[in-house]
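These notes concern the structure reproduced below.
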Amino acid sequence: MQQDFTLGIEEEYLLVNRDSLQLSEAPEALMEACQNDFEGQVSPEFLQCQIEVGTRPHTTVASAREDLKRLRSCVSKRAAEYNLSPIAVSCHPFANWKDQHHTRKERYDALQHALGGVARRMLICGMHVHVGVADPALRADLMPQLSYFLPHLLALSTSSPYWNGEDTGLSSYRLTVFDNLPRTGLPPVFASWGEYERTTGILVELGVIEDTTKIWWDLRPSHRFPTLETRIMDVQPRLEHTLSMAALVQALTRMLCRLKDRNLRWRQYDRFLISENRWRAQRYGVGEGLIDFGDRSIKPMSELIGDLMGMLAEDAETLGTMTELARLQQIAENGTSSTRQRRVHAEATARGDDPGQAVVRHLIEEFHADL
């Protein structure tokens, strides 16, 4: 079994005006300052009100924490110079997507042209976690096994209950928007790395896509790095929650490799069944539980995460992430960012305050809480 399970984290943030709490476009000077501070780790995103950061590869969550903390602090500091603040949330509570403009770069102009009106609604942010898997054949083997846990990751990460000022009733409305794009959702099952290359290669050869970066499955082999990239999660307002989610992805990957080393594997379930759990996570977050297909019952998230922590104990101890994984039990029991946003919204409404603005102020506070 490979010894190192390197870790990389990408996060997308929205920029808001500190006074109006409305979305604000990133000044070019702000982007230049951040890029000068962290060359290659900060970049513009599709919409002008977005900014993306990415850690370097790390062997431990502890070192990833310091990297991501510096990135968040840098964006916050530079944004404050323009009376702006970043928020790490997958949907702004009351902004209208029709008022936003995409970043004028050749890549994003081409994306706008290719996707038409669907691209305009992409006022959403996510987080991606890369875990190093050096062997391409192993990447193909792990994908259908790791897919089983994608709904668990989504449920624990939900942070987008609001869209255009309305409560959608969903815990992750971001996924509803994102699923309008082509080549999204759960990844197909490939029997081998060769089959993956042949299948995706057809679209490349036909000029439908330039490369596999235009495949946006919930889990995919990275085009640029020897990693598996988990993409299903909403972005986390709290830094420590980001690290807990990353630690879970890393530990799950190690656990599946450990099983393979013992000539074992996680049972592969039909994508139809996993999709049902994906919907439950999108709709309810941690509120209503997921289906345990082995037990054929719907179990509360707190019970599922408790069981999962038991299975991952050996991996967490080896990786040094016991503390980060323990925090997931608290999220399962107490709720996600969507839960907290709805609570703040309700309290503001009861006081007669503007609930949308109260939620944004709450998100600003959460972004800075761990810095």
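The values are calculated or read from the model by the stated rules, or taken from the named source; none is laboratory data. Note that this is a predicted model, so its numbers are computed, not measured. Positions of Cβ are generated from backbone atoms using ideal geometry, with glycine treated the same way; all protein chains shown enter the neighbour counts. Just the protein is used for accessible areas: all its heavy atoms, side chains included, with ligands, DNA and RNA removed. Shrake-Rupley method; radii C 1.70, N 1.55, O 1.52, S 1.80 Å.
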For this session: Just the number, please: carbon plus sulfur as a percent of the accessible area of segment 203-263, 1.4 Å probe, no ligands or DNA/RNA counted.
Result: 45
Seminar exercise, completed: Phi angles of segment 160-170, converted by Karplus (6.51 cos²θ - 1.76 cosθ + 1.60, θ = phi - 60°) into ³J(HN,Hα) in whole Hz with x for Gly and Pro, give 9, x, 10, 8, 6, x, 10, 6, 6, x, 9
Exercise. In sequence order, what are the phi-derived ³J(HN,Hα) couplings for segment 248-261 according to the Karplus relation 6.51 cos²θ - 1.76 cosθ + 1.60 with θ = phi - 60°, rounded to whole Hz, with x for glycine and proline?
Worked result: 5, 4, 4, 5, 4, 4, 5, 4, 5, 5, 5, 4, 4, 5
Seminar exercise, completed: Averaged per residue, the 1.4 Å probe accessible area of the chain, protein heavy atoms only, in Å², is roughly 42
Exercise. How much length is gained on full extension from ALA134 to PHE293, taking 0.36 nm per residue of separation minus their Cα-Cα distance?
Worked result: 54.2 nm
Exercise. How large is ³J(HN,Hα) for each residue in segment 127-137, as worked out from phi by the Karplus curve 6.51 cos²θ - 1.76 cosθ + 1.60 (θ = phi - 60°), to whole Hz, x for Gly and Pro?
Worked result: 10, 10, 10, 9, 10, x, 9, 5, 8, x, 4
Exercise. GNM, the chain, Cα, under 10 Å: largest mean-square fluctuation among PHE149, PHE293, PHE38?
Worked result: PHE293
Problem set entry | Computed label-point distance, nm, for sites THR184 and GLN357 using a 7 Å Cα→Cβ extension | 3.2
Seminar exercise, completed: Counting only DSSP beta bridges with both partners in segment 175-331, the antiparallel fraction in percent, to the nearest 5, comes to 75
Exercise. Hey, if you drop one equal point scatterer on each alpha-carbon of the chain and run the Debye formula without solvent, what base-10 log of I(q)/I(0) do you get at q = 0.09, 0.13 Å⁻¹?
Worked result: -0.48, -1.06
Exercise. Using the C-alpha gyration tensor of segment 255-330, what are the square roots of 5 times its eigenvalues, in whole angstrom, with the largest one first?
Worked result: 23, 18, 10
Problem set entry | Inter-label distance, nm, simple model (7 Å from Cα along the C-beta direction), ASP270/ASN17 | 5.3
Problem set entry | Tail weight of P(r) past 23 Å, computed on alpha-carbon pairs of segment 1-105, percent | 30
Exercise. Roughly speaking, to the nearest percent, how much of segment 293-371's 1.4 Å accessible area is carbon and sulfur?
Worked result: 48
Problem set entry | Residue with peak Gaussian network fluctuation, the chain [Cα springs, cutoff 10 Å], from HIS223, HIS128, HIS152 | HIS223
For this session: State the percentage of accessible surface on segment 1-153 attributable to carbon and sulfur atoms; use a 1.4 Å probe and exclude ligands, DNA and RNA.
Result: 46
Problem set entry | Over the chain: helical MRE at 222 nm, DSSP H runs n ≥ 4 each giving -39500 (n - 2.57), nearest 500 | -15000 deg cm²/dmol
Problem set entry | Charged-residue dipole, Cβ positions (Lys, Arg, Asp, Glu), segment 140-201 about Cα centre, Debye nearest 20 | 60
Problem set entry | For segment 273-371: rounded, prolate or oblate by the Cα gyration tensor [a/c cutoff 1.5] | oblate
Problem set entry | Expected-Rg normalisation [2.2 N^0.38 Å, Cα atoms] applied to segment 183-324 | 1.16
Exercise. Relative to the Cα centre, what is the charge dipole magnitude of the chain, using +1 at the beta carbon of each Lys and Arg, -1 at the beta carbon of each Asp and Glu, and rounding to the nearest 20 debye?
Worked result: 460
Problem set entry | Degrees between helix 322-334 axis and first principal axis of the chain (Cα, 0 to 90, nearest 10) | 70
For this session: Quote the FRET efficiency, to the nearest 0.05, computed for ASP4 versus ALA350 with a Förster distance R0 of 35 Å and r equal to the Cβ-Cβ distance.
Result: 0.10
Problem set entry | In nm, spacing of pseudo-spin labels at ASP261 and LYS69 (7 Å Cα→C-beta vector) | 3.0
